[in-house]
Each structure stands twice: as C-alpha cells, then as structure tokens.
Amino acid sequence: MSGSLVETQIPQQKHYGGIQFPLVISPPRAVPFTFSALTKTIEAEKPYLDAQLRKSGAVLLRGFPVNTASDFNDVVEAFGFEELPYVGGAAPRTNVVGRVFTANESPPDQKIPFHHEMAQVPEYPSKLFFFCEVEPGSGGETPIVLSHIVYERMKEKYPEFVNKLEEHGLIYNRVLGEDDDPSSPIGRGWKSTFMTKDKSIAEQRATKLGMKLEWLEDGVKSIMGPIPAIKYISTTQRKIWFNSMVAAYTGWEDARNDPVKAVTFGDGSPLPADIIHDCLKILEEESVAFPWRKGDVLLLDNLAVLHSRKSFTPPRRVLASLCK
C-alpha cells in the first residue's frame with residue numbers, strides 16, 4: 001500500500017494464496033487527483049508498482065483521469081519500460097500516437113482466444129498495457145488468466161501430453177496475404193508483419209525471428225519452430241504455459257488458414273483435439289473477466305498472464321502498448 005494509491009476490490013477478482021488477481025489500484029477518495037499527479041505518482045511509486053506486478057501478474061489502475069490515447073501514452077512513458085516494436089505479430093493494428101496502438105482490430109462478433117502476446121515468436125513483450133478509451137456497448141471484456149495455474153492443471157490432468165510438449169515444443173504455420181485483412185483476427189499481411197515491401201528484406205527479418213518463409217502465388221506461408229511451449233521462470237521458480245497453442249488451434253482461421261494445421265507438435269505430429277478443447281475449458285474456468293470502464297489502464301506481465309477478448313457490441317476502443 002502506498003500513501004497516494006489505494007488498493008481496492010472488484011467483484012470479479014480471484015484470490016490465489018492471498019494474492020489478488022488482478023490487483024486493483026485507485027486514487028484516494030478524499031483527494032481530487034489530476035492527470036499530472038498521476039504520472040508523477042507512477043514515477044515516484046515505481047518500485048511499489050513493479051513489486052505488485054511481480055506478485056499479482058496483473059495490475060488494474062481504475063478511477064484515474066486518463067481520457068485520451070495521448071494520456072495513455074504518457075502513463076506508459078511514466079512507467080519507464082522500454083518499447084517493443086510490433087514485428088512478427090499476427091494481429092492487424094494501427095499506430096495511434098507515440099507507443100500506443102489499437103488492440104487487435106478484428107470484427108466485434110469474433111472472440112480472440114487466450115494467448116501470451118507474441119508467444120509464437122522469439123522476441124515477445126515482457127509487459128503489456130491496455131487502456132479503455134471507449135467503453136464497450138456490451139461484452140468486449142479482456143479476460144486474463146494466470147499461466148502457471150494453467151500449466152499445473154494441465155500437468156495434473158494430461159501428464160503425457162505435457163511431457164511431449166516439453167520435449168518437442170510446437171511448430172506454428174500461418175499463411176499471410178500481401179496486405180492486411182481487417183476481417184481476420186490473424187489478418188496482418190506480410191508487408192506490415194515484416195515492415196517492408198521487399199521480399200528479400202522480409203526473408204532477412206523472418207530469419208532473424210527464426211521463421212522460414214515459403215512464397216505462394218498471392219502471399220507467403222510462415223513456419224515458426226519448433227519453439228518451446230512451456231517456460232521455466234527462474235524468479236518465481238514456476239513453469240508457465242507460454243504458447244499460442246489454443247489460440248492457433250481454435251482461432252487462426254480465415255480464408256487462407258485452417259486452424260487445425262496452424263499448430264503441431266515440434267516433431268510435426270498433430271495435436272489431440274479433445275485435449276486442446278479441454279485446455280480451453282481450463283483457461284476459461286480460471287480466468288477473470290471484468291467489464292471495462294472508460295479510463296481503465298491494465299498492466300500485464302506477459303510471462304505470467306494470458307489474455308483474450310470477448311465479442312462485443314460497438315462502440316469499443318481499447319488501446320495497447322507493448323514493452324520489452
């Protein structure tokens with residue numbers, strides 16, 4: 001607890017051994033809180049906020065005067081984490097201001113499945129921020145779930161499957177068009193994925209990400225892996241479910257992609273559908289989904305927490321920022 005910040009509760013919170021998930025922080029009620037007071041407080045309380053993020057995995061700042069994309073950018077800057085450029089991610093996004101992007105722009109009726117941000121590429125963010133600029137008409141929550149809890153439950157229920165994952169890792173396959181397809185949750189074209197119009201530069205950038213490219217008539221197939229599906233985090237001494245397996249298998253679907261072929265074991269053998277669908281059930285059971293309020297800023301430890309998006313009725317505008 002810090003003098004200028006107050007820990008509060010929301011009904012959706014989960015409690016794991018005394019840890020609140022997410023931790024919710026608000027301004028003290030009695031004191032009017034200006035925006036400049038907020039950024040100064042974040043800078044002053046950085047050690048406290050860092051410690052809370054390490055402990056909980058997710059920190060929700062609620063009730064502060066954060067109104068615009070530019071305000072959100074200033075909040076991200078106040079935390080002082082280094083920016084991660086969005087190279088190699090699958091979602092269609094637009095840069096709004098500074099370090100701020102739209103969150104995945106896929107259509108409102110589509111759910112986005114649980115994933116760690118960019119777990120399918122070697123250089124992924126360690127932290128992410130979300131900001132609710134416009135509250136959803138209805139739905140549109142961003143459910144979050146603790147990764148080590150998912151690993152523990154899967155290991156207990158499917159030890160052989162998890163052993164095979166640990167031994168072989170996963171391979172991800174995705175077909176990219178030339179340009180972005182906003183109707184698809186994985187519709188980012190190869191030109192914006194690799195930030196170039198030149199195929200040879202795209203190949204160099206893909207190789208740097210550990211990705212192989214196979215050029216097609218109207219696009220390119222990207223093959224990533226085998227890469228690990230489980231990670232060991234030395235600071236917490238926990239294994240985490242760090243992969244995009246469920247997301248790819250249940251959600252990487254559009255005119256170019258068949259989700260069942262999107263992800264396989266690292267030895268090329270197919271994944272068992274029943275176990276994937278049960279894993280999705282476990283993710284949903286353990287998740288927390290709170291309704292967004294305008295001005296909410298959610299900070300996630302991308303190694304500790306998976307996130308998703310529910311379908312919604314417009315309007316809704318949630319912005320994101322990725323940090324190294």
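Among the numbered conditions (1) open to solvent by 50 Å² or more (accessible area, probe 1.4 Å); (2) closer than 22 Å to residue 231 by Cβ; (3) hydroxyl-bearing (Ser, Thr, Tyr), tell me where residue 147 comes up short.
(1)
If we scan region 274-291, do we find a residue that is without any contact (Cβ under 8 Å) to a residue 60 or more places away in the chain and open to solvent by less than 40 Å² (accessible area, probe 1.4 Å)?
Taking every residue of region 274-291 in turn, at least one turns out to be without any contact (Cβ under 8 Å) to a residue 60 or more places away in the chain and open to solvent by less than 40 Å² (accessible area, probe 1.4 Å).
What is the residue count in region 44-55 for residues that are within 21 Å of the chain's Cα centre (by Cα) and surrounded by fewer than 23 Cβ atoms within 10 Å (Cβ to Cβ)?
6
Scanning for something open to solvent by less than 10 Å² (accessible area, probe 1.4 Å), in a loop (DSSP other than H, G, I, E, B), in the same structural domain as residue 126 (by the TED database) and farther than 13 Å from residue 297 by Cβ, does region 59-73 turn up at least one residue?
Scanning region 59-73 turns up no residue that is open to solvent by less than 10 Å² (accessible area, probe 1.4 Å), in a loop (DSSP other than H, G, I, E, B), in the same structural domain as residue 126 (by the TED database) and farther than 13 Å from residue 297 by Cβ.
Do any strands (runs of 3 or more DSSP E) entirely within region 1-40 hold 1 or more residues that are in contact with a strand residue (DSSP E or B) (Cβ under 8 Å, 6 or more places away or on another chain) and either among the charged types (D, E, K, R) or farther than 24 Å from residue 143 by Cα (or both), and if so, which?
Result: 6-8, 14-16.
Kindly establish whether residue 271 is open to solvent by less than 80 Å² (accessible area, probe 1.4 Å), modelled with pLDDT of 95 or more, assigned by the TED database to the domain that holds residue 159 and more than 21 Å from the chain's Cα centre (by Cα). Write out each step before concluding.
Values: open to solvent by less than 80 Å² (accessible area, probe 1.4 Å): yes; modelled with pLDDT of 95 or more: yes; assigned by the TED database to the domain that holds residue 159: yes; more than 21 Å from the chain's Cα centre (by Cα): yes.
Spelling it out, residue 271 is indeed open to solvent by less than 80 Å² (accessible area, probe 1.4 Å), modelled with pLDDT of 95 or more, assigned by the TED database to the domain that holds residue 159 and more than 21 Å from the chain's Cα centre (by Cα).
Condition check: closer than 30 Å to residue 97 by Cα and either touching a helix residue (DSSP H, G or I) at 6+ places or on another chain (Cβ under 9 Å) or of a type outside the set (Gly, Ala, Ser) (or both). Does residue 269 satisfy that?
No.
Please specify each residue of region 1-15 satisfying the condition of being at pLDDT 95 or above and either among the hydroxyl-bearing types (Ser, Thr, Tyr) or crowded, with 20+ Cβ neighbours inside 10 Å (or both).
Within region 1-15, just 8 meets the criteria.
Which one of the conditions (1) outside the structural domain of residue 60 (by the TED database); (2) in contact (Cβ under 8 Å) with a residue 60 or more places away in the chain; (3) among the aliphatic types (A, V, I, L, M) does residue 220 fail to meet, given that it meets all the rest?
Residue 220 satisfies all of (1) outside the structural domain of residue 60 (by the TED database); (2) in contact (Cβ under 8 Å) with a residue 60 or more places away in the chain; (3) among the aliphatic types (A, V, I, L, M) except (2).
Which of the residues belonging to region 196-252 are within 22 Å of residue 86 (Cα to Cα), open to solvent by 70 Å² or more (accessible area, probe 1.4 Å) and among the basic types (Lys, Arg)?
Residues satisfying the conditions are 197, 199, 205, 208, 212.
Tell me yes or no: at least one residue of region 44-55 is in a strand (DSSP E or B) and free of Cβ contacts under 8 Å to residues at least 40 places away in the same chain. I'd like the intermediate steps shown before the answer.
As a first pass, look at region 44-55 and keep what is in a strand (DSSP E or B): none.
No, region 44-55 contains no residue that is in a strand (DSSP E or B) and free of Cβ contacts under 8 Å to residues at least 40 places away in the same chain.
Quick one: in region 253-268, which of the residues that are of a type in the set (Val, Ile, Thr) and within 11 Å of residue 170 (Cβ to Cβ) is surrounded by the most Cβ atoms within 10 Å (Cβ to Cβ)?
263
The values are calculated or read from the model by the stated rules, or taken from the named source; none is laboratory data. The structure displayed is predicted, hence computed values, not measured ones. When we count neighbours, we look across all protein chains shown, and the Cβ atoms used for this are built from the backbone with ideal geometry, even at glycine. Ligands, DNA and RNA are excluded from the accessible area calculation, which covers all protein heavy atoms including side chains. Shrake-Rupley method; radii C 1.70, N 1.55, O 1.52, S 1.80 Å.
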